[in-house]
Amino acid sequence: MSRQLSRNRARNSPRKTAGWLFDLKAAVIVIAFIVAAYAVTSGFYRLQVTEGESLAAKAAAQQFVTEEDRERRGMILDKNGYPLVFSTYVFRVGMTPADVHTRKDGVEDTDIIRQFGIHLGLDEEATEDILIQIRTDRATGWRGLEKQLSGHQPLSYVTIATEVPETDAMALKDWLDDNGVGGVRFDAEERRVYNNESLASQVLGLIQMKDGKIKGVSGLEATYNGLLSGEPGYTHAKRNNYATRGMTPFSRPINSPSQKSSNLVTTLDMEVNTILQEELFSVAAAAGLIADVNGLIMDVRTGDVLAMAQVAPFDLSRPDAIPLGFTESDWNRLSPEEKTAYLSSNLWNNNNIIKIYEPG
């Protein structure tokens, strides 16, 4: 009897073990399915609900491009048409290193870098660094994998040169376009050019850069800011692929036309203004003064202001330079607030029109 029971136990034991293992596997599979389903569901919830708006905005930014058509700021001229202030462009040149290449036969990386050096004024060390950066970021296969494992991350943008004159920047751009080289970006930055340094500086006025645009803050630049600057226009369209680097053909862009800037012709006569400035300096030197010497000249028949000047004037291209009557050590002893207060009250402001008593 006991032998029979032992045989029955031996027969039943493997079956119970197999059943228990099957139940365990099924439980593990169910748990794994639940975890996976939760992960997928939460991921979809995050994509569609939690971050839906921000991700949609990022997608739109990748699919569409907005190009700004900005007018060059107008000139300020004297009564004879002589330009007192005009605008030019300088460029900031940058690149996406991995994209700097061409499919054109006979054009190598070294040829591209050589053109960078010629047109951007880069020395041999700078061009060599750029070449290394391009080849490193473009590396593929085992070499690319090795760079990734070592922690190297390709750069999306790196500045090559700044304050590049328009002629040099456009010459480089033309060469790149002719040879089908991509990955290089040219950003224009407007600059004001002053033909007469400090002559009539308070009348012409100061400017500042705001959101990449020139804005007048004093003088004629501020009074006629809207006329001089115009209004920028915009083109919003679908972005094309990298191969043609443009807008998608046959798409319908949305355009907002720009409002042209205008030139300002003043009543100033630079020859008369030069004479007045020299006379004011003579009076200031005789009286031992470095400020509060100012004057103007008018046409008695029309009332036109032919000249307006004061001592001391300032260089519009360097409005914060050391003013007349200060040594470098004396000027540097002043705090930034004291420097600004002195420049504003004695140089930047037009004393001919803001002082309580008129000249004479």
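None of the figures in this text is laboratory data; all of them are computed from the coordinates on show. Being a predicted model, the structure only gives us computed values, none of them experimental. Cβ placement follows ideal geometry from the backbone for every residue including glycine, while neighbour counts extend to all protein chains displayed.
Taken along the Cα-to-beta-carbon direction at a fixed 7 Å, the label points for Glu189 and Asp111 span 3.2 nm.
Taking a point 7 Å from the Cα of Arg301 along the Cα-to-Cβ direction, the residues of the stretch 267-284 with backbone N closer than 19 Å to it are 267-273.
Taking 0.36 nm per intervening residue step and subtracting the Cα-Cα distance, what contour gain separates Arg333 from Ile118 on full extension?
Numbers: separation 215, 0.36 × 215 = 77.40 nm, distance 4.29 nm.
Length gained between Arg333 and Ile118: 73.1 nm.
Is there a pair in Lys173/Lys215; Lys173/Lys210; Lys213/Lys260 whose C-alpha atoms are over 20 Å apart, and which pairs would that be? Table pairs above 20 Å Cα-Cα are Lys173/Lys215; Lys173/Lys210. Using modelled backbone amide H atoms (1.01 Å from N, in-plane), which distant-in-sequence or interchain residues come within less than 5 Å of Ile207's amide H? Here the answer is Val217, since their amide H atoms fall under 5 Å of that of Ile207. Shown is the FRET efficiency for Met170 and Thr274, computed with R0 = 51 Å from the Cβ-Cβ distance and rounded to the nearest 0.05: 0.90.
Of the peptides 300-306, 81-87, 94-100, the order by per-residue mean of other Cβ atoms within 10 Å, starting with the highest, comes out as 94-100, 81-87, 300-306.
Given R₀ = 45 Å, FRET efficiency for Thr159-Ala321 by Cβ-Cβ distance, to 0.05? Rounded to the nearest 0.05, the efficiency is 0.95. Couplings 3J(HN,Hα) for the stretch 96-110, derived from phi with the Karplus relation 6.51 cos²θ - 1.76 cosθ + 1.60 (θ = phi - 60°), are 9, x, 5, 9, 7, 6, 8, 8, 6, 5, x, 10, 9, 4, 5 Hz, where x marks Gly and Pro. Residues whose amide H lies under 5 Å from that of Met75, counting only those 5 or more places away or on a different chain, are Asn263, Leu264; hydrogens are built 1.01 Å from N in the peptide plane. Modelled this way, with points 7 Å down the Cα-to-C-beta line, the labels at Met209 and Ser344 are 2.3 nm from one another. Annotation: amide H-H contacts under 5 Å for Met298 (H modelled 1.01 Å from N, sequence separation of 5 or more, or interchain): Leu306.
Leaving out same-chain residues fewer than 8 places away, which aspartates and glutamates sit with a Cα under 16 Å from that of Lys25? Filter leaves no residues.
May I ask you to derive the FRET efficiency for Val90 and Lys260 from their Cβ-Cβ distance with R0 = 25 Å, giving the value to the nearest 0.05? The calculated FRET efficiency here is 0.65. Karplus-based coupling profile of the stretch 285-302, in residue order and whole Hz: 5, 5, 8, x, 10, 10, 7, 6, 10, 8, x, 8, 10, 10, 7, 5, 8, 10, with θ = phi - 60° in 6.51 cos²θ - 1.76 cosθ + 1.60 and x standing for Gly or Pro.
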